[in-house]
Amino acid sequence: MPPVTGRLRVGVLVSGSGTNLQALIDLCAMPGFPAEIVVVISNKPDVLALERAARGGIACRVIAHRAYPDRPSFDGALDQALREHEVELVCLAGFMRVLTTAFVELWRDRLINIHPSLLPAFRGLHTHAQALTAGVRFSGCTVHFVRPELDDGPIIVQAVVPVLPGDDEVGLAARVQAAEHRAYPLALRLIAERRIRLIDDRVEVLDPVAEVPALLNPPDLPTHPPPGR
Ligand code: GRF
């Protein structure tokens with residue numbers, strides 16, 4: 001990351017409802033927060049994310065992937081727009097296009113994403129269905145630096161939620177999404193406040209981290225002897 005003098009200039013790429021974008025907008029609106037969202041770019045017109053950006057007084061751009069003959073030219077247009085706005089960090093927030101290796105390398109260590117699973121488990125689409133099929137007891141989300149391979153890269157923040165009896169994709173997605181709205185702002189905060197660094201392609205948090213207790217799901221049983229003993 002280049003040295004930052006003023007507030008970190010953030011660009012957010014979206015394709016849809018933008019609930020994560022909203023969480024980042026709310027974070028950056030906090031007085032004295034050391035980052036600002038300077039542009040929101042959507043590959044689709046008329047998405048709620050653009051309305052959220054406009055409401056927040058943020059510059060909006062639509063760069064429709066369909067208007068470009070191939071992925072390199074689309075990614076080139078994204079890159080140009082980000083540079084025009086002097087973006088220093090790019091946040092993918094429900095951006096539904098796969099980026100070229102060239103773009104990812106151009107923005108290496110300055111490009112982050114949120115994925116609705118505990119990576120490296122359940123890459124790609126339909127993560128909640130994948131989690132339910134696998135029968136895992138916990139799922140969650142991951143904020144990570146982007147690398148050319150899909151849903152790969154150094155992990156910044158993860159949030160864990162339980163998978164509960166009777167969960168379906170909708171219920172699990174809602175629980176994970178609520179966790180996303182805490183995890184993504186935390187990741188942006190860690191970066192904006194210079195509290196992390198990359199060592200050997202892993203993220204090191206510079207602050208001493210409080211011990212995180214183990215979680216059990218199902219919860220531990222009451223401490224009495226099992227029946228028959
Ligand atoms: C989130 O679930 C995120 O993890 C995934 O795309 C979804 C975007 O939702 N990458 P929203 O547009 O932020 O509401």
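The values are calculated or read from the model by the stated rules, or taken from the named source; none is laboratory data. Just so it is clear, the model here is predicted, and its values are computed rather than measured. Here Cβ is always computed from backbone atoms with ideal geometry, including for glycine, and neighbour counts include all displayed protein chains. Please note that ligands, DNA and RNA were not included when accessible areas were found on the heavy atoms of the full protein model with its side chains. Shrake-Rupley method; radii C 1.70, N 1.55, O 1.52, S 1.80 Å.
Below are the figures for this structure:
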read-out	value
Breaking point among (1) among the polar types (S, T, N, Q); (2) away from the ligand (no atom under 16 Å from the Cβ); (3) open to solvent by less than 30 Å² (accessible area, probe 1.4 Å), for SER15	(2)
So GLU105, is it in contact with a Lys or Arg (Cβ under 6 Å, 6 or more places away or on another chain), at pLDDT 95 or above and open to solvent by 40 Å² or more (accessible area, probe 1.4 Å)	no
Residues of segment 152-187 that turn out to be under 11 Å from ILE112 (Cα atoms) and surrounded by fewer than 18 Cβ atoms within 10 Å (Cβ to Cβ), as a count	2
Only listed residue being surrounded by 21 or more Cβ atoms within 10 Å (Cβ to Cβ), modelled with pLDDT of 95 or more, of a type outside the set (Lys, Arg) and under 21 Å from the mean Cα position of the chain (by Cα), chosen from CYS91, CYS60	CYS91
Top-ranked residue of segment 18-59 - restricted to ones that are small (Gly, Ala, Ser) and in contact (Cβ under 8 Å) with a residue 60 or more places away in the chain, ranked as farthest from the ligand (Cβ to nearest atom)	ALA35
Filter result (crowded, with 17+ Cβ neighbours inside 10 Å, away from the ligand (no atom under 16 Å from the Cβ) and more than 15 Å from the chain's Cα centre (by Cα)) within segment 108-150	VAL136
Count of residues meeting criterion [over 13 Å from the mean Cα position of the chain (by Cα), closer than 23 Å to SER17 by Cα and assigned to a helix (DSSP H, G or I)] in segment 165-199	7
Cβ pairs under 9 Å, 6+ apart, first in segment 207-220 and more than 18 Å from LEU190 (Cβ to Cβ), second hydrophobic (A, V, I, L, M, F, W, C) and surrounded by 10 or more Cβ atoms within 10 Å (Cβ to Cβ)	LEU215/PHE138; LEU215/VAL160; ASN217/PHE138; ASN217/VAL163; ASN217/LEU164
